[in-house]
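The next block holds one structure in the form of structure tokens; read it before the comments.
Just so you know, all these numbers are worked out from the coordinates, no wet-lab data involved. Just so we're clear, the structure is a prediction, and the values are computed from it rather than from any experiment. Cβ placement follows ideal geometry from the backbone for every residue including glycine, while neighbour counts extend to all protein chains displayed.
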Amino acid sequence: MTRERRAEVRYYFDAEVLGLAKIVVQVRPDCTYPGDPGGILHKRRRPACPITTPTTLDTDWIPAVAAQGWLTVTRDANIQGHRAEIEAVRESGPKMVVLAGKDATGTWAQLGLLLHHWRRIELALDELGPFIYSATPTSFRSVPLT
């Protein structure tokens, strides 16, 4: 008889990268996404995601994910131009990595960016929020929150 343990979720993939999220949870038990029913991987049971639907508003899921201490992976073609989103990050204190630019379009390209920057993303998990890092094929840089 095999015993399963509870997986510790550490990464949240938002609705902007849902296709990517559904691939990643097949190989990592510490990741979740909106509407994730949970599952078992490597004898670890991942609980259902408390964000129950991909249509959950940013103003609702960002504080909820930040309160869990999870690092969010999302996509945004031009994060610096979205001041309201940056303000929401400043207020609720999440940790975010944005797969940015035209190279973040489509699941395959997003998977490539994620794998290219995974070590940096893991290191960022231990940092205190709030922060946003922008990940492109050639850079992993901090986005000013001011």
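Loop-located trypsin sites (Lys or Arg not before Pro) across region 1-58 with a Cβ neighbour count of 10 or fewer within 10 Å are Arg3, with loop assigned by DSSP. Once C-alpha pairs closer than 8 Å and six or more residues apart are averaged by separation and normalised to the residue number of region 5-142, the relative contact order reads 21 percent.
Relative to the longest principal axis of the Cα atoms of the chain, the long axis of helix 83-92 makes an angle of roughly 50 degrees. Which listed residue (Leu123, Thr138, Ala66) has the Cα farthest towards the positive end of the charge dipole for the chain, taking +1 on Lys and Arg C-beta and -1 on Asp and Glu C-beta about the Cα centre? Highest projection toward the positive end goes to Leu123.
Helical runs (DSSP H, four residues minimum) scored at -39500 (n - 2.57) apiece and divided by the length of the chain put the mean residue ellipticity at 222 nm at -10000 deg cm²/dmol.
Rounded to the nearest 20, the size of the Cβ-charge dipole of the chain about its Cα centre is 660 debye, with Lys and Arg at +1 and Asp and Glu at -1. Between the helical axis of 58-68 and the longest alpha-carbon principal axis of the chain there is an angle of about 60 degrees.
For the chain, the antiparallel share of DSSP beta bridges with both residues in that region comes to about 25%. Positive end of the dipole of region 3-146 (Cβ unit charges, origin at the Cα centre): among Val25, Ala104, Ile40, the Cα lying farthest that way belongs to Ile40.
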